[in-house]
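Remarks on the structure that follows.
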Amino acid sequence: MRRVLMLKPKVSELNSPAAPPPAPATPRIIPRSEHSISRAAISPNALRVLYRLREGGFQGFLVGGCVRDLLLGLEPKDFDVATDALPEQVRKLFRNSRLVGRRFRLAHVFFGRETIEVATFRAASAPSQGEEPMPDVDPEEGEGPEIDEPADVEPVATEAIESDDGSERAVDETGRILRDNVYGSIDEDVWRRDFTANALYYNIADFSLWDYVGGADDIAKRTLRLIGDPETRYREDPVRMLRAIRFEAKLGLHLDPASAAPLVPLRDLLRGVPSARLFDETLKLFLSGCGAWSFEVLRRRGLLAALLPTVDGYLSEHAGGLVEKLLIQGLKNTDARVLADKPVTPTFLFALLLYGPIARAIEATPAERWHEVGTILDACDGAVREVQAEVAIPRRFALGIREMFALQPRLEHPRGRRALKVLEHPRFRAAYDLLLLRAEHGLAARERADWWTRIQEVSVPERAEMADALAGTGGAGGSSGPREGARRGPRRRRRRRGPTTHPA
């Protein structure tokens, strides 16, 4: 083994978090007759991978969230496999696979649109990649997040231990694991799992469950418990604190007291997590069908102040106010879309989360400027800049937030046939949904929202009639805005010009 230094850490900080108590030498093996998992509920492609590994002379286990969900009676979103085969050996077994990952080397086996993740048993604890796939992103936003990494992130002291075969393990000075490609056995692999509920192994050889840490009993009790010392495990990967919130909200499990106690004392460790990774975790919290409840648990556990401090600060100052009610209802509406398999967009999510900070910035200007586009855009830019210190919002989503809020005055004060052009705006639907929420909570006129609802339901000729009627009444619902075509002063007579001549 040779040591590769990157900056200079303290050896004591390196070693202590990386040494969990030893796992039991033998697991509790739960036979098929004593658990509820049936092969009929398992993806046929996952079964193909497991059987191919076994035929190749390797062990193959379903592991992680899929086993947990099957025991809870839920339908897993994806299936992960653990094996004693090295990534290169997995690659040789499956021509439809490729090796991925720099922090954690593993194989992806592709079956059309389904991907089975195959990971080699590891010898040390390591942060999980997360079981749940990202929700569908609104097509107008593109196919995936384009992360803008902040340029002012300071380097963190780290040390890497590299073996002769290229395996490498590195942690930083706080104990957070950066890389872990040191392979081992299943007895060791269990310690890289975070919660006992995620550390159950389904053995394809005899359809039994292998339980090293009491995960089956915890699932039966609906308890979420960290493996090992909670403070050590959170220091290894602070994102585990957010995963605890997500699992508690999504699965209806209760975080046990020992695992909950360090959350507030250690929450500042989230500042050391790359802001791009926190963006992904934020989407998993709020766009996985349990966003409203995740928000409640996040606040109750004291972690909203660490993840989105400006949002937490505003809501603390205006507890129970209209903005808080708007935010919660908006998250509930988003949950309903996810559960109905409709696409959702991070743009709308962050417009909801940042509504309070944006409103505060607007209201800090003179009242006569509140509806000016410049004031609104400045407020949006300031709110996004503040949250970027923790969560890296990609540029295209930040631009979408600006457009949604800039459209609000045009929706509140439609002007005749100009309103028809607003219907063609790419952000109209998101801005309209925001207007509906505002109207529902008394933050915008209900008659304006109703008018926009009606104009989307009628034919094109009827839309023109509605717009003309609007121009004749000074705006929807008696808006005091200027009428379409109204004269604002003496009209200058336009001179007709003859053809312009040019000298030869």
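The values are calculated or read from the model by the stated rules, or taken from the named source; none is laboratory data. Predicted model, so just to flag it, every value in this text is computed and none were measured. All Cβ positions, even for glycine, are placed from backbone atoms using ideal geometry, and neighbour counts span all protein chains on display.
Descriptive notes on the structure:
- Within region 424-436, tally of residues that are in contact (Cβ under 8 Å) with a residue 60 or more places away in the chain and either among the small types (G, A, S) or in a helix (DSSP H, G or I) (or both): 3
- Scanning region 75-93 for residues that are outside any helix (DSSP H, G or I) and surrounded by 20 or more Cβ atoms within 10 Å (Cβ to Cβ) turns up P76, F79, D80, V81, A82, T83, A85.
- Those residues of region 343-371 which are free of Cβ contacts under 8 Å to residues at least 24 places away in the same chain and either not in a helix (DSSP H, G or I) or not basic (K, R) (or both), in sequence order: A361, I362, E363, A364, T365, P366, A367, E368, W370
- Picking from residues in region 403-423 that are buried (at least 21 other Cβ atoms within 10 Å of the Cβ) and assigned to a helix (DSSP H, G or I), the one that is nearest to the chain's Cα centre (by Cα) is M404.
- From D378, D341, D335, residue being on the phi > 0 side of the Ramachandran plot and not small (G, A, S): D341
- In region 226-237, the residues that are assigned by TED's automatic domain parsing to the domain that holds T196 and at negative phi reach residues that are aromatic (F, W, Y) and in a loop (DSSP other than H, G, I, E, B) with C-beta atoms within less than 9 angstrom, at least six apart or across chains, in these pairs: I227/Y212.
Rundown of residues vs (1) farther than 29 Å from P343 by Cα; (2) surrounded by fewer than 21 Cβ atoms within 10 Å (Cβ to Cβ); (3) in contact (Cβ under 8 Å) with a residue 24 or more places away in the chain, yes/no style:
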| site | (1), (2), (3) |
| --- | --- |
| D268 | yes, yes, yes |
| A276 | no, yes, yes |
| D312 | no, yes, no |
| H318 | yes, yes, yes |
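- For region 345-364, the count of residues that are basic (K, R) and surrounded by 18 or more Cβ atoms within 10 Å (Cβ to Cβ) is nonzero.
- Extreme residue, farthest from I328 (Cα to Cα), among residues of region 291-301 that are of a type outside the set (D, E) and surrounded by fewer than 23 Cβ atoms within 10 Å (Cβ to Cβ): R301
- Region 192-217, residues that are closer than 14 Å to E34 by Cα and among the charged types (D, E, K, R): D206, D211, D217
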